[in-house]
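The next block holds one structure in the form of structure tokens; read it before the comments.
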Amino acid sequence: MARGIGIDGCRSGWVAVILDNSVSNVQLITATTFNSLWSAINPKHNHDYILIDVPIGLPEGIIGTNNTHLDRNCDYDCRKMLIGNRKSSVFGTPTRQATRSSTPSQTNLLINNKKLSKQSEGIIPKIREIDIFINSQLTGSIQDLMEESHPELCFQRFNNNLGLSYRKKRSIGRSERTNILINAGLTITNINNLLSHYCFNSVAKDDILDAAILALTAFNINSGILPKLKVSNSNQYDYLNSIEMNMSYC
């Protein structure tokens, strides 16, 4: 008995796909804040496993108090693993100082000599929200329950490790990802039910598909069907060695 849960950010807040004890038992939950999503999911240790497409652990540079990393190795390593043009889907993770700044790109430049892309700046509110949540859970073995992953890597792995051909924002890209989910065990009926939650300016179809592949990955790991793998071999930690900076996949 196990649940695999995938979480992704969306325009209105957060979306989670849950596979409850079977790939045929699929549920979708949305919430405006991560804390409210967490309460709705109500995850339990030794029963649930969650993968989220948001950085867990942020670099602080050589002046940091929680770590002295300039960058995250897992971002580089994940980018290397992706085939073709999907490498660009791995954004540079901002420093913690940048996520608290009114001028994040300039602050990031001061910390690690790198400006932030528009994509990285755009997801700072989500990154900050997760970072605050993780900080509140440091005494609760949070990474036994929830770890970071990357949807494009998970799609590639369930595609016989072949690179995806199309961007997820395109209709043909969504069809490509839908076919991968079907081949991995989800039914077209369940996928269409998930996609029926699409709402313009609220939850995009690609957000739902990303959450679904993360849930499928989490379910396979949590059920012991496939082993959990890590993107990086090198160890990087945050919050004084309490939180690993890495991504999990199968």
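Only the coordinates and a few stated rules stand behind these numbers; no lab work does. Bear in mind the structure is a predicted one, so any value in this text is a computation, not a measurement. Cβ placement follows ideal geometry from the backbone for every residue including glycine, while neighbour counts extend to all protein chains displayed.
Kindly state, to the nearest 0.05, the FRET efficiency for Tyr239 paired with Lys80, given R0 = 30 Å and r defined as their beta-carbon distance.
On the way: r = 26 Å, r/R0 = 0.87.
Calculated value: 0.70.
Could you check the simple spin-label distance between Asn46 and Ser88, using points 7 Å along Cα→Cβ, in nm with one decimal?
So the two model labels end up 4.8 nm from each other.
Normalised by the residues of the range 30-130, what does the relative contact order come to in percent, with Cα pairs under 8 Å and at least six apart?
Result for the range 30-130 is 24 percent.
Normalised by the number of residues in the range 58-181, what is the relative contact order in percent for Cα pairs under 8 Å and 6+ residues apart? Mind showing how you got there, number by number?
On the way: 133 pairs, mean separation 26.3, N = 124.
After rounding, I find 21 percent.
How long, wide and thick is the range 17-91, going by the Cα atoms along their three principal axes, in whole angstroms, largest first?
For the range 17-91, the Cα extents along the three principal axes come out at 44, 36, 27 Å.
Dividing the alpha-carbon Rg of the chain by 2.2 N^0.38 Å yields what?
Against the empirical 2.2 N^0.38 Å value, I get 0.96 for the chain.
For the range 118-224, what relative contact order do you get, as a whole percent, if you take Cα pairs closer than 8 Å and at least 6 residues apart?
Result for the range 118-224 is 25 percent.
What is the diffusion coefficient of the range 118-250 in µm²/s, taking the Kirkwood radius over Cα pairs and the Stokes-Einstein relation at 10 °C with a viscosity of 1.306 mPa s?
97
Kindly put Ile29, Ile52 in sequence by how many other C-beta atoms sit within 10 Å of each C-beta, fewest to most.
Working: Ile29 17, Ile52 23.
Ascending number of Cβ neighbours within 10 Å: Ile29, Ile52.
Quick one: work out the % antiparallel among DSSP beta bridges in the chain, nearest 5.
Around 70 percent of the beta bridges assigned by DSSP in the chain are antiparallel ones.
Treating only the Cβ atoms of Lys and Arg (+1) and Asp and Glu (-1) as charged, compute the dipole magnitude of the range 1-71 about its Cα centre; round to the nearest 20 debye.
220
Give me P(r) over the range 186-235, computed from all C-alpha to C-alpha distances, binned every 5 Å, as integer percentages.
Percent of pairs per bin, in order: 4, 18, 20, 18, 15, 12, 8, 4, 1.
State whether the range 1-144 is rounded, prolate or oblate according to the following rule on the C-alpha gyration tensor (a ≥ b ≥ c being the square roots of its eigenvalues): a/c under 1.5 gives rounded; otherwise a/b larger than b/c gives prolate, and the remaining case gives oblate.
Cα axes put the range 1-144 in the prolate bin.
Can you tell me the alpha carbon radius of gyration of the range 147-211 divided by the globular rule-of-thumb value 2.2 N^0.38 Å?
The value comes to 1.07.
Identify which of Cys199, Cys78, Cys154 has the largest mean-square fluctuation in a Gaussian network model of the chain, with springs joining Cα atoms closer than 10 Å.
Cys199
How much length would be gained if the chain were fully extended between Tyr198 and Thr68, taking 0.36 nm per residue of separation minus their Cα-Cα distance, in nm to one decimal?
42.7 nm
Over the chain, with a Gaussian network built from C-alpha contacts below 10 Å, which listed residue (Phe91, Phe158, Phe200) shows the highest mean-square fluctuation?
Top of the fluctuation ranking is Phe200.
First check a/c for the range 116-156, with a ≥ b ≥ c the square roots of the eigenvalues of its C-alpha gyration tensor; if it is under 1.5, answer rounded, and if not, answer prolate when a/b is larger than b/c or oblate otherwise.
The shape class here is oblate.
Work out the charge dipole of the chain with +1 on the Cβ of Lys and Arg and -1 on the Cβ of Asp and Glu about the Cα centre, then indicate which of Thr217, Ile123, Thr33 is farthest towards its positive end.
Ile123
Which helices of the chain meet both criteria: a Cα extent of 24 Å or more along the helical axis and a mean Kyte-Doolittle score no lower than 0.5, with helices taken as whole DSSP H segments?
Once both thresholds are applied, what remains is 205-222.
Quick check: Cα centre of the range 8-70 to Cα centre of the range 151-185, how many Å?
Centre-to-centre distance over Cα atoms comes out at 21 Å.
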